[in-house]
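Since every read-out is calculated from the coordinates, none of them should be taken as a lab result. Owing to the predicted nature of the structure, the values given are computational and were not obtained by experimental measurement. Using ideal geometry, Cβ is built from the backbone for each residue, glycine included, and neighbour counts are taken over all protein chains shown.
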Amino acid sequence: MLDSNLFQYTGTTLSCEEVNLEVLAGTFGTPLFVTSARSLIESYRAFERAFDTLPHFTCYSVKANYNLSVIRTLAELGCGCDINSGGELYRALQAGVSPSRIIFAGVGKKPEEIAYALESGVLMLKAESLSELKAIDRIAGEHGKTASVAIRINPNVTAETHPYITTGDSKEKFGIDEAELPEVFALIRQLKHLTLIGLDMHIGSQIFDPEYYVAATMKLLTLLNTAKAMGFALEFLDIGGGFPVTYDPLKPATPIQHFADKLIPMLLPAGITVIFEPGRYLVANASVLLTRILYKKRNHTGKEFFVVDAGMTELIRPALYQSHHEIQTVTRHDNTIVADVVGPVCESSDFFARQRAIGDAGEGELLAVMSSGAYAAVMSSNYNGRLRPAEVMVNGSEVKLVRKRETYEQLVQNELLEELE
């Protein structure tokens, strides 16, 4: 469900926890991301309760939202981090996460990123090709290290989700096909500077049916037994993330307990620590994007538009995935209007909603684009010379600015312009 108890109307005005969103917009301007700390905490605790009978280690997938305060809030609860680049590793370390609680994924790690991870002492590097295994071994040898690695397996399970966020199919770039594993295991025996400690998979995102996890996990458990029979002493079985959240109240997400009920009986007899990598599940419904209506317009066909000051540069998911986000007027309105909610960017795909029934707000009023905590700020851009927005975190009645709004000066600070003679 959406976190309606944390973003709700107090009287006629939408609030985050105990703070009026009108006040936040007046203080920090718009566009503005507003995150509920309580939502982060409650989502993590709900996940841990679901899997509490299974020996496991939860690593937040930083790519969903890498704000330092978001990472730190989860880390203080005991959550580790799943990172995908040197930059995400740096962010996790800056947020105070212990390297021993960080796992490094990614299909295209650069040599300097591998070296950075080894020198930092991360728990493991997840290898996705034979070439990467050789590179990790070489770099570990150069640095006098022994690299702990897991193999990301492609289980050839195609989950029913958007094609851009399916990752367990042999047609995609991710992982090592299960048919290649004999060659992989033979290679690992030859490499002197790495130790195989786990097997890993990730089949996609927004997967509503637990049976896809069941099918993929069965394959992973079979491969685990094969690896053990070959003498590999594995410590971890990583089944990834992809657990669903509710964006549209008409399409509620499958409760996390349903996944736990299917997976725990399968995984518990393996006698191994299971790693989970929830990202979206923990953060998606913890944030809203506040945006102000600049103009209302009607074209010659009678079609209505709300032109707002946020756009695809702040939240690209509707343009990229045709994703649904609920949109609420910050001031409650009894009357509704059917309109497109569009941004100021010079692209026809710059919209948040098409032909959506929405409160009949006026110019200058605020809208809240709900469920904007995952794959929003992290995918933002400066296209059209736009400034990345500020971000605030609310905890009860306390408000903290956790990211400053960019300035025009920052747009050009890394560019070099040769002086004219």
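For each pair in K126/K219; K110/K134; K251/K303; K109/K145, compute the distance between the two Cα atoms and list the pairs where it is over 23 Å.
On the way: K126/K219 18 Å; K110/K134 13 Å; K251/K303 27 Å; K109/K145 17 Å.
From K126/K219; K110/K134; K251/K303; K109/K145, over 23 Å: K251/K303.
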| said: Could you give each residue of the stretch 267-277 its phi-based ³J(HN,Hα) in whole Hz, using Karplus coefficients 6.51, -1.76, 1.60 with θ = phi - 60°, and x for Gly or Pro? | reply: 8, 4, x, 5, x, 9, 6, 9, 9, 10, 10
| field | ³J(HN,Hα) computed for each position of the stretch 247-260 - Karplus, 6.51 cos²θ - 1.76 cosθ + 1.60, integer Hz, glycine/proline x | value | 9, 10, x, 7, 10, x, 5, 5, x, 4, 4, 5, 5, 4
| task | Name the long-range amide H neighbours of S148: under 5 Å, sequence gap of 5 or more, or other chain; modelled H, no Pro or chain starts. | result | L125, T195
| said: On a full-extension model of 0.36 nm per residue, what is the gain between E48 and E347, subtracting their alpha-carbon distance, rounded to one decimal in nm? | reply: 103.5 nm
| task | Enter the mean projected area of the convex hull around the alpha-carbon atoms of the stretch 1-121, in nm², rounded to one decimal. | result | 9.7 nm²
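What order do you get for V23, V107 when you list them from fewest to most C-beta neighbours inside 10 Å? Present the calculation step by step, with values, prior to reporting the outcome.
Working: V23 12, V107 16.
With the sparsest Cβ surroundings first, the list reads V23, V107.
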| Which angle from 0 to 90°, rounded to the nearest 10, does the C-alpha axis of helix 181-190 make with the longest principal axis of the chain? | 60 degrees
| query | Fully extended, how many nm does the chain gain between K192 and Q410 (0.36 nm per residue separation, minus their Cα-Cα distance)? | reply | 73.9 nm
| Amide proton proximity set for N154, modelled H, under 5 Å, gap of 5+ | I176, D177, E178
| field | Long-range HN-HN contacts of R388 with modeled amide H, under 5 Å | value | E406
| remark: In a Gaussian network model of the chain with springs linking alpha carbons closer than 10 Å, the residue among I203, I239, I139 that fluctuates most is I139
| field | Pairwise centroid distance, computed over Cα atoms, of the stretch 340-381 with the stretch 254-276, Å | value | 37 Å
| task | Report, in deg cm²/dmol and to the nearest 500, the calculated mean residue ellipticity at 222 nm for the chain, where each DSSP H run with n ≥ 4 adds -39500 (n - 2.57) and the sum is divided by the residue count. | result | -8000 deg cm²/dmol
| field | Under Karplus coefficients 6.51, -1.76 and 1.60, residue-wise ³J(HN,Hα) of the stretch 386-403 in Hz, glycine/proline x | value | 7, 8, 5, x, 6, 9, 10, 10, 10, 9, x, 9, 8, 10, 10, 6, 10, 7
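Looking at the chain, what % of its DSSP beta bridges pair antiparallel, to the nearest 5?
Details: 35 of 71 bridges.
Within the chain, antiparallel bridges account for around 50 percent of the total.
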| Top mean-square fluctuation among S15, S131, S100, Gaussian network model of the chain, C-alpha springs under 10 Å? | S131
| query | Once the Cα gyration tensor of the stretch 105-278 is diagonalised, what are the square roots of 5 times its eigenvalues, in whole Å and ordered largest first, as equivalent ellipsoid semi-axes? | reply | 29, 18, 14
| remark: Proxy exposure order for C81, C346 (fewest C-beta within 10 Å first) is C346, C81
